[in-house]
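The values are calculated or read from the model by the stated rules, or taken from the named source; none is laboratory data. What you are looking at is a predicted structure, and each value in this text was computed from that prediction instead of being measured. Reconstructed Cβ throughout: ideal geometry from the backbone, glycine too, with neighbour counts over all protein chains shown.
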Amino acid sequence: MAYARLALLLLWPWLACAQGPGLRVCIANLAYPPSITLDPANPGTRERQFLEAGRRAGVAVSLHYWPIKRCHRMVLEGELDAVYLAATPESLADFRFPLDRQGRPDSRLRIKEERVVLVRRRGASLGWDGRQFAVPPRLGTRAGLRMAREAARLRGLDIDDTAFDTPQVLRKLHAGRHDFAVLLEVDLRGQDALLNDLALERLPIPLARFDGFMAGSPALSGPALASLQAWWRELPSAVTPAAKPI
């Protein structure tokens, strides 16, 4: 679709009176209604909440939609200002996160806790006990899912991230290309029919948990960085736990 190639811009009229430099927020161009709709005429709850946090902070927030890998690159290079990321060691080294006085990611300003989950073929003997795998498995995930890559790396495992989306990951698992699919909990919402058709099952114990934040570009400084920090402070009250994750 056209929005997969072009950035869409959402601005609420009252943000014209914002005082600080604006923030350009990148969102993966995958719809998760009612949270993310990709529709400027009918923004989802999460999109509205990002804008509301900007209004409260006096910062004009614009929303731009690109493939997630491009979001990461554009924010890293300073073409855009913020993107949703988990506070993994890889991301902490590359992007700005809100930190507490001890220099750790400030959990008070997180968007949510993400659960990285495992899916296997139904009845497969390979298992995960919450600490280790019985044997080193072949893992697969979708493109751009840093949390899956980091969860695998922390255990010294490789992971194939060439699948375009969640259904393709699950079909590759069904075909025997992988022993486990590594996905976010939210990726499996709405996939019950496909899981059943492919005779797949989700394991109850997650592979990893990460705190998710709206991470900033390392290129931000001065007033632009102050705008990001002001927006961060408003996000916990503007983004409610009831909203679905990104």
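So which residues in the range 195-246 are at pLDDT 95 or above, surrounded by fewer than 17 Cβ atoms within 10 Å (Cβ to Cβ) and assigned to a loop (DSSP other than H, G, I, E, B)?
A199, P218, A219, S221
K69 fails exactly one of the following numbered conditions: (1) on the phi < 0 side of the Ramachandran plot; (2) over 13 Å from the mean Cα position of the chain (by Cα); (3) surrounded by fewer than 19 Cβ atoms within 10 Å (Cβ to Cβ). What is the number of that condition?
So the condition that K69 fails would be (2).
Consider N42 against the criteria (1) in contact with a strand residue (DSSP E or B) (Cβ under 7 Å, 6 or more places away or on another chain); (2) without any contact (Cβ under 8 Å) to a residue 40 or more places away in the chain: it satisfies all of them except one. Which criterion is unmet?
N42 satisfies every listed condition except (1).
One line per residue, one yes/no per condition, for (1) assigned to a loop (DSSP other than H, G, I, E, B); (2) under 27 Å from R189 (Cα atoms); (3) β-branched (V, I, T); (4) modelled with pLDDT of 95 or more:
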{"position": "Y3", "(1), (2), (3), (4)": "no, yes, no, no"}
{"position": "P43", "(1), (2), (3), (4)": "yes, yes, no, no"}
{"position": "V75", "(1), (2), (3), (4)": "no, no, yes, yes"}
{"position": "V83", "(1), (2), (3), (4)": "no, yes, yes, yes"}
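Go through the range 101-111 and report how many residues are more than 16 Å from the chain's Cα centre (by Cα), under 20 Å from A238 (Cα atoms) and assigned to a loop (DSSP other than H, G, I, E, B).
Count: 1.
What pairs come out if I take residues in the range 87-106 that are exposed (fewer than 11 other Cβ atoms within 10 Å of the Cβ) and pair them with residues that are assigned to a helix (DSSP H, G or I) and not hydrophobic (A, V, I, L, M, F, W, C) whose C-beta lies under 9 Å away, six or more apart or interchain?
Taking only residues 6 or more apart or on different chains, the pairs are P89/E150; P89/R153.
Please go through the range 30-41 and pick out each residue that is buried (at least 17 other Cβ atoms within 10 Å of the Cβ) and assigned to a loop (DSSP other than H, G, I, E, B). Spell out the reasoning first.
Applying the first criterion (buried (at least 17 other Cβ atoms within 10 Å of the Cβ)) to the range 30-41 yields 30, 32, 35-38.
Selection gives L30, S35, T37, L38.
Only one residue in G190, G216, G156, G176 is within 24 Å of R73 (Cα to Cα) and not polar (S, T, N, Q). Which one?
On the way: G190 fails: within 24 Å of R73 (Cα to Cα); G156 fails: within 24 Å of R73 (Cα to Cα); G176 fails: within 24 Å of R73 (Cα to Cα).
From the options G190, G216, G156, G176, the qualifying one is G216.
Restricting the range 121-154 to residues that are over 21 Å from the mean Cα position of the chain (by Cα) and under 25 Å from G212 (Cα atoms), which is surrounded by the most Cβ atoms within 10 Å (Cβ to Cβ)? Quick ask: steps written out before the conclusion?
From the range 121-154, those over 21 Å from the mean Cα position of the chain (by Cα) are 121-138; that's our starting set.
From what's left, under 25 Å from G212 (Cα atoms): 128-132.
Values: W128: 17, D129: 9, G130: 9, R131: 7, Q132: 10.
So, considering only residues that are over 21 Å from the mean Cα position of the chain (by Cα) and under 25 Å from G212 (Cα atoms), the one surrounded by the most Cβ atoms within 10 Å (Cβ to Cβ) is W128.
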